[in-house]
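Inspection log for the structure reproduced underneath, given as structure tokens.
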Amino acid sequence: MAVAAPTQTMNNVEAVRATLYEALKADPRTIVLGEDVGARGNVFLITKGFIEEFGPERIVDTPLAEASIVGIAVGMAMEGLRPIAEIQFADFIYPAFNQIVGEAAKTRYRSNGDYTCPLVIRTPYGGGVRGALSHSVSIEALFYHVPGLKIVAPSFPADIKGLLTSAIEDPDPVLFLEHKRTYRLVKGEVPTGRYTIPIGKADVKRAGDQLTVVSYGLYVHQALDAAARLEGDGMSIEVIDLRSIRPMDKGTILESIRKTRKLLIVHEDNKFGGIGAEIAAMVAEEAFFDLDAPIRRLCGPDVPAMGYAAPLEEEFMISTEQMAETMRELVRF
Amino acid sequence: MAKAIESPSFERYGLDDDRLRWMLRNMHLQRTLDNRGFQLNRQGKIPFATGSEGHEGIHAGAAVAFSRGKDVLVPYYRDIGLCLGIGMDPLEALLSMFARGADRSGGRQFPNHFTSKAIGMLSISSIIAAHCPHAVGVAYAMKYRKETDRAVLCCFGDGATSEGEWHESVNFAAVHRLPIVFLCENNEWAISTPRERQMAIADVVQKAAGYGIPGVIVEGADPLAVYKTVKDALDRARSGGGPTLVEAKCYRFLSHTTDDDDRTYRSREEIEKHRHLDPVPRFERLLIECGIVTDEGIAEIKKEVLAQVNEVTDRAEAMPFPAPQELYTNVYEGTHEPWL
Amino acid sequence: MPTTITMPQLGETVTEGTVAQWLKKPGDAIEKYEAFVEVSTDKVNAEVPSPVSGVLREIIAQEGETVPTGAPIAIIDEVASESSSTPAGPAPAVQAPDPTQLSVHDLTLGREADRQGADEPVPGQTFGVPAALSASSRTAGAGGGSNGTAARGADALNAPDALRRVSPAVRRLAREQHIDLSSLRGTGTGGRITANDVLAAAHQGPSAVVAATVEAAPAASQPSAPPAAPVTAPTTARTTYASPILGETIKLTPARKLIAQRMVESRHTAPHAWTMVEVDVTSLWRWRTAEKDRFTREKGVPLTLLPFFIQAVVRSLRAFPLMNARFTDDGIYVPKEVHVGIAVALDSNLIVPVIRNADELSIGGLAVAAGRLIEKARTGKLSADDLSGGTFTVNNTGANGSVLSAPILNSGQAGIITMEAVVKRPVVIEGDAIAIRSMMNVCLSLDHRVVDGSIASAFLVDLKKRLQAMGPGDTL
């Protein structure tokens, strides 16, 4: 039996906060910049108290200008700092699109390694919080297409800490997505002390042999719940939390498919052109002769965003029951 | 030969004769390399070139104000003279034009998108003003590390001052009083769009007031005035005085690039009307009048520059292209599977 | 009309709130929009305005208590008044079916959600999914919402010819295993041949593959079933165990004979020792109360305290493997598996079906497994497998109202544990205050040849900790 390392119970907000705190403590090159990260301590109170401890030079309240939040962080990174830029809500990231896609992701490539861009862009995303059109979106697919960028979306406190530490220490730009519905909802044990989880490694959160469910973010938790319910019906479902969206952990997905022969992909971002499309295509290319059922995707609908009204948001989001129903169908197929 | 009497209007700002001749040489080198790019393009040897004719005075002046080994230049794609002036080897310009494997970007970048961490020259993209926040980030790092002998020189054209990222950058630098000089090389044209279609104000420096920083206009055809203005602004930046917006007025005598035909949007007469702003003959005249160079000396400089450009052209052309497999390197640190 | 006031969601990501101060006391009149309670969360502090005019009838959440958003905190008796005819604005504190809450409780996350306070079981507290949002109504055909699972995807599973065609995996396996697919009957949807069907055919020969459910072997045909006799015990005697005639002797059924034999054997072979702890299950009780209706609706089995208890027990058994061991002539055998027997009292006998590998099941899974076994026991459908292999036994003696038991060990096991009735008692809690808590005694009989009292006590203390740590927000 493994000796249990000392742990602390944290929710996801606390996990992000603790990791940032440790990074700021450990390395004076680390700078946090974004809107309201100073005195307010970020709108979710993630950086509360940081400005008092680390000073306004390291906890930088920026003007309301997302392009330059990222752009200035790119410059800092090129000059040897370790900036952690925050976009207050993922919905506000669009003005920074050029800086992320056109600049940060291409710095190493265009200078052939002369300059690098070790940068973390943190942003809360996702719905289920009555955030309406501009505080609910998932943005990962927009950036998924971009080589040079890494995208991480862990949703367990221990994964957040390990992956955020990896992101901060990564020599390349990392988009770090935090599902805000899970911020205070999800709690768990987090090992104390510094540790990393490699970017690009998925995690089998639940083992099973009749169906592979691939998800990330809030829906991982619902998928686990659905799988647990179906266990009572004798169904054995494997749930993979991608944790890292890019690079994709092909190995873990394929290994699972070869065992279960069936794949369900669940994500909140809309289906068309989404992360699931890439996974489905990859599996179809590489594991066609292992498939015993059509690949299924349970994703957000093809609409611009979820509405503010409860029924509109509810209609957008996928319930645990729906997941369970689809899982059941696939297992029985 | 002109008389060696100093003109009463001649202020050399402490620059000695050698330095002034070096500036003239830099201007000729820039112009010769510009021409070479257009020549190679018209010969079908390279797909694309960008000219900077008309900007030589700005580049020579700003280059002398730049503190090598300390300051950081965040140039834009028309800054070949400035890049040469702060220490870039002319061979680099040709390697870039020929897109050879030995080019610092490995033949990836368009010509005139130089990079050299070694000499403090930031890598840029072609996206207008996208480099301005990077310059501000570098300046922030300098201030954060209390490196009071360093500053950033961030260059761009007049068109860039319409971009949001430019405004955001100037604003942030102003708020934090960062050690940075924003040098606008206003050549009146953003490809085909004239300045009056770009902004409703006569001078770019008027924008400085909106951010609470000083704005200074300087005659771009006068490298000494540019030197003095940029030097003062950099000194001010280094001593904690914050950013300055310098608007160096000049004129773009060539098409935007080899792919552009400026006859479609401006007349030859208009160009000729601005010929008096050509910084090269003006600076030659000044140095001759002041007895710093002779006609023969200038001929010698031109000959020597041409020989150097010919030599680096031949050398660069003889070098190999990057291997096709180089397409796949430096996407991330370490290896990357491009066919995932 | 009573209106239940719930903890409002103050902030997008907030999942719980603490009652900072009641600005009104029971009996006080409250005007609509008048602040009547101050609530603090980890994001904001706010006064909560009343959604109705009326009289504060009852305070449910006391000052200092932390409860999940959506949990009831007070009841106001609404007074019909002129103001009530004005159109009501959005009233944040009314217990309306808030869909954002759906996912909170639906997810059953937030392990520590409200461990700190609010421990009193709240009668009638519901966390259930509003009926309108349940999966069945959302997927019940074309007339309803479009958000059914079918609407979410190109439904290749339901394409007309999908079932007649074979999947790539089936095709490959059939080729590799030399199976003639036309000879198979599939077990998949609509008789589709699945990959497993091909593999089964490869194992047994093609003709063996049939669509079949595994029939449990009749218990009676397995007389060697070790722990207890699997019987339905029909008796022809005039006087019976179920309805004894006074003054007569009841003939022993085989089942009763076996029970007698086993009990004597156990009592005489294993030196029994006995110990007990009392456990505060206030939080657990509240959680189970909150979940039970929804669970029953969805799973078709009741959600009793038993599965919660079993899960805590198996985790403690994992921590104290000797408690899961058995005494043999060769020594103390410590099995790898944790198979938990659950004592089920029937009309005329006692039976102990076994949840195999109970440590691999969630609470929900345990509830379903236990529910199935109990149902099978009551209908006489237990198989020999269902009755064999137990490594430890749980006895829900509290179901009959007992508060203290000294159970006899199941032969071959080191321990048997009881969960006694949950009763509310005044208890001294932290800070030397007296509080009314839901308490449960847990009694353990142990085979002293296998474990000593110190291990048994440590096991019980560990179990107690686990039970007391369970509460709303844990994973079901």
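Does C:Ser405 qualify as being assigned to a loop (DSSP other than H, G, I, E, B), of a type in the set (S, T, N, Q), closer than 24 Å to C:Pro302 by Cβ and modelled with pLDDT of 90 or more?
Values: assigned to a loop (DSSP other than H, G, I, E, B): yes; of a type in the set (S, T, N, Q): yes; closer than 24 Å to C:Pro302 by Cβ: yes; modelled with pLDDT of 90 or more: yes.
So C:Ser405 passes the test.
Does B:Glu337 count as loosely packed, with under 14 Cβ neighbours inside 10 Å, among the acidic types (Asp, Glu) and outside any helix (DSSP H, G or I)?
yes
Does any residue of the range C:283-293 turn out to be farther than 22 Å from C:Ala456 by Cα, in the same structural domain as C:Val394 (by TED's automatic domain parsing) and not in a helix (DSSP H, G or I)?
Going through the range C:283-293, the residues farther than 22 Å from C:Ala456 by Cα turn out to be C:283-293.
Within this subset, residues satisfying the condition of being in the same structural domain as C:Val394 (by TED's automatic domain parsing) are C:283-293.
Pick out the ones that are also not in a helix (DSSP H, G or I) and you get none.
The answer is no; no qualifying residue exists.
For the condition more than 8 Å from every other protein chain (Cβ to nearest Cβ) and either among the basic types (Lys, Arg) or part of a loop (DSSP other than H, G, I, E, B) (or both), what is the one hit in B:Gly61, B:Gly87, B:Gly57? Working first, answer last.
Working: B:Gly61 fails: either among the basic types (Lys, Arg) or part of a loop (DSSP other than H, G, I, E, B) (or both); B:Gly57 fails: either among the basic types (Lys, Arg) or part of a loop (DSSP other than H, G, I, E, B) (or both).
B:Gly87 is the lone residue from the list that is more than 8 Å from every other protein chain (Cβ to nearest Cβ) and either among the basic types (Lys, Arg) or part of a loop (DSSP other than H, G, I, E, B) (or both).
Looking only at residues that are touching a residue at least 60 places away in the same chain (Cβ under 8 Å), of a type outside the set (Val, Ile, Thr) and assigned to a helix (DSSP H, G or I) in the range B:204-232, which one is nearest to B:Phe182 (Cα to Cα)?
Only one residue fits best here, namely B:Lys231.
Could you tell me how many of the residues in the range A:300-316 are more than 7 Å from chain C (Cβ to nearest Cβ) and either buried (at least 21 other Cβ atoms within 10 Å of the Cβ) or part of a helix (DSSP H, G or I) (or both)?
Qualifying residue count for the region: 5.
Test of understanding: among A:Gly38, A:Gly55, which residue is surrounded by 19 or more Cβ atoms within 10 Å (Cβ to Cβ) and without any contact (Cβ under 8 Å) to a residue 24 or more places away in the chain?
Working: A:Gly55 fails: surrounded by 19 or more Cβ atoms within 10 Å (Cβ to Cβ).
Every option except A:Gly38 fails the conditions.
Of the residues A:Glu57, A:Glu22, A:Glu86, which is within 12 Å of another protein chain (Cβ to nearest Cβ) and acidic (Asp, Glu)?
Values: A:Glu22 fails: within 12 Å of another protein chain (Cβ to nearest Cβ); A:Glu86 fails: within 12 Å of another protein chain (Cβ to nearest Cβ).
Just a single option satisfies the conditions, and that option is A:Glu57.
Looking for whichever is without any contact (Cβ under 8 Å) to a residue 60 or more places away in the chain, touching a strand residue (DSSP E or B) at 6+ places or on another chain (Cβ under 8 Å) and within 14 Å of chain A (Cβ to nearest Cβ) here; the options are C:Leu317, C:Leu361. Which one fits? Give the derivation first.
Working: C:Leu317 fails: without any contact (Cβ under 8 Å) to a residue 60 or more places away in the chain.
On inspection, the qualifying residue turns out to be C:Leu361.
Does A:Glu268 count as outside the structural domain of A:Glu22 (by TED's automatic domain parsing), not aromatic (Phe, Trp, Tyr) and not in a strand (DSSP E or B)?
Details: outside the structural domain of A:Glu22 (by TED's automatic domain parsing): yes; not aromatic (Phe, Trp, Tyr): yes; not in a strand (DSSP E or B): no.
No.
What are the residues in the range A:123-158 that are among the basic types (Lys, Arg) and more than 28 Å from A:Ala309 (Cα to Cα), if any?
The first filter runs over the range A:123-158 and keeps only residues among the basic types (Lys, Arg), leaving A:130, A:150.
Selection gives A:Lys150 alone.
What number of residues within the range B:105-151 satisfy the criterion of being within 24 Å of B:Asp232 (Cβ to Cβ), more than 7 Å from every other protein chain (Cβ to nearest Cβ) and not in a loop (DSSP other than H, G, I, E, B)?
Qualifying residue count for the region: 6.
With the requirement that a residue be within 14 Å of chain C (Cβ to nearest Cβ) and either of a type in the set (Lys, Arg) or part of a loop (DSSP other than H, G, I, E, B) (or both), what does the range A:134-158 give you?
Kept after step one, since they are within 14 Å of chain C (Cβ to nearest Cβ), are these residues of the range A:134-158: A:134-137, A:155-158.
Across the range A:134-158, the qualifying residues are A:Ser134, A:His135, A:Ser136, A:Val137, A:Ser155, A:Phe156.
For the range B:273-293, which residues satisfy the criterion of being closer than 17 Å to B:Gly51 by Cα and of a type in the set (D, E, K, R)?
B:Arg275, B:Asp278
Quick check: anything in the range B:110-120 surrounded by fewer than 24 Cβ atoms within 10 Å (Cβ to Cβ) and in contact with a Cys (Cβ under 9 Å, 6 or more places away or on another chain)?
Yes, the conditions are met somewhere in the range B:110-120.
Can you say whether A:Thr107 is modelled with pLDDT of 95 or more and more than 13 Å from every other protein chain (Cβ to nearest Cβ), as far as the supplied structure shows? Can you show your working first?
Details: modelled with pLDDT of 95 or more: yes; more than 13 Å from every other protein chain (Cβ to nearest Cβ): no.
In short, no.
Just checking, which of A:Gly128, A:Gly193, A:Gly102 is out of contact with any helix residue (DSSP H, G or I) (no Cβ under 7 Å at 6 or more places or on another chain) and at positive phi? Show your work before the answer.
Working: A:Gly128 fails: out of contact with any helix residue (DSSP H, G or I) (no Cβ under 7 Å at 6 or more places or on another chain); A:Gly102 fails: at positive phi.
Of A:Gly128, A:Gly193, A:Gly102, the one residue that is out of contact with any helix residue (DSSP H, G or I) (no Cβ under 7 Å at 6 or more places or on another chain) and at positive phi is A:Gly193.
Of everything in the range B:174-203, what is at pLDDT 95 or above and outside any loop (DSSP other than H, G, I, E, B)? Give them in sequence order.
Answer for the range B:174-203, where residues must be at pLDDT 95 or above and outside any loop (DSSP other than H, G, I, E, B): B:Ala174, B:Val175, B:Ile180, B:Val181, B:Phe182, B:Leu183, B:Cys184, B:Glu185, B:Asn186.
Any residue at all in the range A:72-92 that is of a type in the set (Gly, Ala, Ser) and more than 25 Å from B:Arg145 (Cα to Cα)? Explain how you work it out, then say what you get.
Within the range A:72-92, the subset of a type in the set (Gly, Ala, Ser) is A:73, A:75, A:77, A:80, A:85, A:90.
Now restrict to residues that are more than 25 Å from B:Arg145 (Cα to Cα): A:90.
Among the residues of the range A:72-92, at least one is of a type in the set (Gly, Ala, Ser) and more than 25 Å from B:Arg145 (Cα to Cα), which makes the answer yes.
Filter the range C:321-351 for residues that are in a loop (DSSP other than H, G, I, E, B) and either among the acidic types (Asp, Glu) or buried (at least 24 other Cβ atoms within 10 Å of the Cβ) (or both) and give the result. It would help to see each step written out before you state the result.
First, the residues of the range C:321-351 that are in a loop (DSSP other than H, G, I, E, B): C:325, C:329-330, C:334-339, C:343, C:346-349.
Within the range C:321-351, C:Asp329, C:Asp330, C:Glu337, C:Asp347 meet the criteria.
Hey, among the residues in the range C:167-201 that are at the interface with chain A (Cβ under 8 Å from one of its Cβ atoms) and closer than 11 Å to A:Phe289 by Cβ, which one's nearest to the chain's Cα centre (by Cα)?
My answer is C:Ala195.
Restricting attention to the range A:204-220, which residues are in a loop (DSSP other than H, G, I, E, B) and over 15 Å from A:Arg328 (Cβ atoms)? Quick ask: steps written out before the conclusion?
First pass over the range A:204-220, keeping only residues in a loop (DSSP other than H, G, I, E, B): A:207-210, A:216-217.
Selection gives A:Ala207, A:Asp209, A:Tyr216, A:Gly217.
Pick from A:Leu218, A:Leu175, A:Leu163, A:Leu185: which is within 14 Å of chain C (Cβ to nearest Cβ), under 30 Å from A:Gly102 (Cα atoms) and in contact (Cβ under 8 Å) with a residue 60 or more places away in the chain?
Values: A:Leu175 fails: within 14 Å of chain C (Cβ to nearest Cβ); A:Leu163 fails: within 14 Å of chain C (Cβ to nearest Cβ); A:Leu185 fails: under 30 Å from A:Gly102 (Cα atoms).
Within the list A:Leu218, A:Leu175, A:Leu163, A:Leu185, the selection yields A:Leu218.
Identify, by number, the condition in (1) at pLDDT 90 or above; (2) within 22 Å of the chain's Cα centre (by Cα) that C:Thr304 doesn't meet.
Here C:Thr304 clears every test but (1).
Residue-wise test of (1) among the aromatic types (Phe, Trp, Tyr); (2) in contact with a Phe, Trp or Tyr (Cβ under 7 Å, 6 or more places away or on another chain); (3) under 30 Å from A:Arg122 (Cα atoms); (4) in contact (Cβ under 8 Å) with a residue 24 or more places away in the chain.
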| position | (1), (2), (3), (4) |
| --- | --- |
| A:Asp225 | no, no, yes, yes |
| A:Asp241 | no, yes, yes, yes |
| A:His267 | no, yes, yes, yes |
| A:Glu285 | no, no, no, no |
| A:Pro304 | no, no, yes, yes |
| A:Gly307 | no, no, yes, yes |
| A:Glu315 | no, no, yes, no |
| A:Ile318 | no, yes, yes, yes |
| A:Leu330 | no, no, no, yes |
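For the range A:1-40, which positions are modelled with pLDDT of 95 or more, in a loop (DSSP other than H, G, I, E, B) and within 20 Å of A:Gly131 (Cβ to Cβ)?
A:Glu35, A:Asp36, A:Val37
Among the listed residues A:Ile100, A:Ile121, identify the single one that is assigned to a strand (DSSP E or B) and either over 20 Å from A:Pro247 (Cβ atoms) or within 14 Å of chain B (Cβ to nearest Cβ) (or both).
Details: A:Ile100 fails: assigned to a strand (DSSP E or B).
Just a single option satisfies the conditions, and that option is A:Ile121.
What single numbered condition from (1) modelled with pLDDT under 95; (2) crowded, with 23+ Cβ neighbours inside 10 Å; (3) aliphatic (A, V, I, L, M) fails to hold for A:Met76?
(1)
The values are calculated or read from the model by the stated rules, or taken from the named source; none is laboratory data. Please read these numbers as outputs of a predicted model, since none were measured by experiment. All Cβ positions, even for glycine, are placed from backbone atoms using ideal geometry, and neighbour counts span all protein chains on display.
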